[in-house]
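The structure appears below as structure tokens.
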Amino acid sequence: MEAKQYALNDVVEMKKQHPCGTNEWKVIRLGADIRIKCEGCGHSVMIPRREFDKKMKKILRQAEEV
């Protein structure tokens, strides 16, 4: 299986929706753990990279290259 390519500030869709009703998350930290922030309510969660790879569905918007 091909590794998913995501970067800092990408907006991704997760398999399960957040309780606030949205399914869009912004990647705000990369490393062994990944921190994502809910685009609906602003709640942030840090999860291990392997778990994130399993739970991420697709990249909705990629960050702008500066």
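At 1.4 Å probe size, with the rest of the protein present, what percent of the exposed accessible area of the chain is carbon and sulfur atoms? Walk me through the numbers before you get to the answer.
On the way: 2280 of 4790 Å².
Of all accessible area on the chain, carbon and sulfur atoms account for 48 percent.
Length available on full extension from MET46 to LYS15: 0.36 nm per residue minus the Cα-Cα distance, which gives 9.5 nm.
Helices in the chain, meaning DSSP H runs of at least 4 residues, each add -39500 (n - 2.57). Divided by all residues, the mean residue ellipticity at 222 nm is -2500 deg cm²/dmol.
Ligands, DNA and RNA are left out, and with a 1.4 angstrom probe the accessible area of the chain is 73 Å² per residue.
Neighbours of ARG49 by Cβ distance under 12 Å: Lys/Arg scored +1, Asp/Glu scored -1, total +3. Here the dipole of the chain is about 300 debye; that uses its Cα centre as origin and unit charges on the Cβ of Lys and Arg (positive) and Asp and Glu (negative).
Summing Lys and Arg as +1 and Asp and Glu as -1 over all other residues whose Cβ lies under 12 Å from the Cβ of ILE36 gives a net charge of 0. Per the Cα gyration tensor, the chain maps to an equivalent ellipsoid with semi-axes of 17, 14, 12 Å, ordered largest to smallest.
The values are calculated or read from the model by the stated rules, or taken from the named source; none is laboratory data. All values reported here derive from a predicted model rather than from experimental measurement. In this analysis, Cβ positions are derived from the backbone assuming ideal geometry, glycine residues included, and neighbour counts consider all displayed protein chains. These area figures cover heavy atoms from the full protein model, side chains too; ligands, DNA and RNA do not enter into them. Shrake-Rupley method; radii C 1.70, N 1.55, O 1.52, S 1.80 Å.
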